[in-house]
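Working notes, structure below.
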């Protein structure tokens, strides 16, 4: 029997496990960054913060298999970004074989609960216009398009057009 729990990733040892999950989710990187998963993706997602935030503003939650420590899904959030009281979801990935199983929704509920406990009033994100499945997921979770569309440039220079979405925290 597989038992899973949500864990907060923060240690250097988590980088390797996160990297393995991100490599299994290479289609995300191919869509958003125009290349396969970078070899430093785990480190980047755990440690790269935008100007004005400190390391404690970046949280990364994952769904972990307690039998072997494998990560099945992960979500990266920035607290009080882009302004106080708002959280930003920078990444949500689910291992391809588990997509559609409810794991993404489980992680998102955890984020919403954590945001509410932290006093946040909204959660925001950007979704690629080339990813209608993701847009449908976010809409089903109560996120709405803000009417803003913009180009997002990845680390390697790849440009992806994204729609901004937001959800109120009640």
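The values are calculated or read from the model by the stated rules, or taken from the named source; none is laboratory data. Because the structure is a prediction, the values reported are computed rather than measured. When we count neighbours, we look across all protein chains shown, and the Cβ atoms used for this are built from the backbone with ideal geometry, even at glycine.
With respect to the conditions (1) surrounded by 20 or more Cβ atoms within 10 Å (Cβ to Cβ); (2) at pLDDT below 95, residue 101 falls short on a single one, namely (1).
Just one residue in the set 56, 27 is closer than 24 Å to residue 156 by Cβ, surrounded by fewer than 17 Cβ atoms within 10 Å (Cβ to Cβ) and either out of contact with any helix residue (DSSP H, G or I) (no Cβ under 9 Å at 6 or more places or on another chain) or modelled with pLDDT of 90 or more (or both); that residue is 27.
Do we have residue 75 as surrounded by fewer than 19 Cβ atoms within 10 Å (Cβ to Cβ) and within 28 Å of residue 20 (Cβ to Cβ) here? So residue 75 fails the test.
Contact map, the range 152-165: first residue modelled with pLDDT under 90, second residue surrounded by fewer than 15 Cβ atoms within 10 Å (Cβ to Cβ) and part of a strand (DSSP E or B), Cβ cut-off under 7 Å, separation 6 or more or different chains; pairs are 153/159. Within the range 81-100, no residue that is in contact (Cβ under 8 Å) with a residue 60 or more places away in the chain and at positive phi sits with its Cβ atom under 7 Å from a residue that is surrounded by 15 or more Cβ atoms within 10 Å (Cβ to Cβ) and assigned to a loop (DSSP other than H, G, I, E, B) at 6+ positions apart or across chains. Looking only at the range 116-133, how many residues end up being free of Cβ contacts under 8 Å to residues at least 12 places away in the same chain and either surrounded by 14 or more Cβ atoms within 10 Å (Cβ to Cβ) or in contact with a strand residue (DSSP E or B) (Cβ under 8 Å, 6 or more places away or on another chain) (or both)? Count: 0. Could you please let me know if residue 14 is touching a helix residue (DSSP H, G or I) at 6+ places or on another chain (Cβ under 6 Å), surrounded by 13 or more Cβ atoms within 10 Å (Cβ to Cβ), on the phi < 0 side of the Ramachandran plot and in a helix (DSSP H, G or I)? The answer is no for residue 14.
Conditions (1) touching a strand residue (DSSP E or B) at 6+ places or on another chain (Cβ under 7 Å); (2) in contact (Cβ under 8 Å) with a residue 40 or more places away in the chain, marked per residue:
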residue	(1), (2)
6	yes, yes
12	no, no
15	no, no
25	yes, yes
64	yes, yes
75	yes, no
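Of all residues in the range 142-157, how many are under 15 Å from residue 88 (Cα atoms) and touching a helix residue (DSSP H, G or I) at 6+ places or on another chain (Cβ under 7 Å)? Looking only at that region, the number is 0. Does residue 38 satisfy the condition of being loosely packed, with under 12 Cβ neighbours inside 10 Å and either closer than 21 Å to residue 126 by Cβ or in contact with a helix residue (DSSP H, G or I) (Cβ under 6 Å, 6 or more places away or on another chain) (or both)? Here the answer is no, as residue 38 does not meet what is asked.
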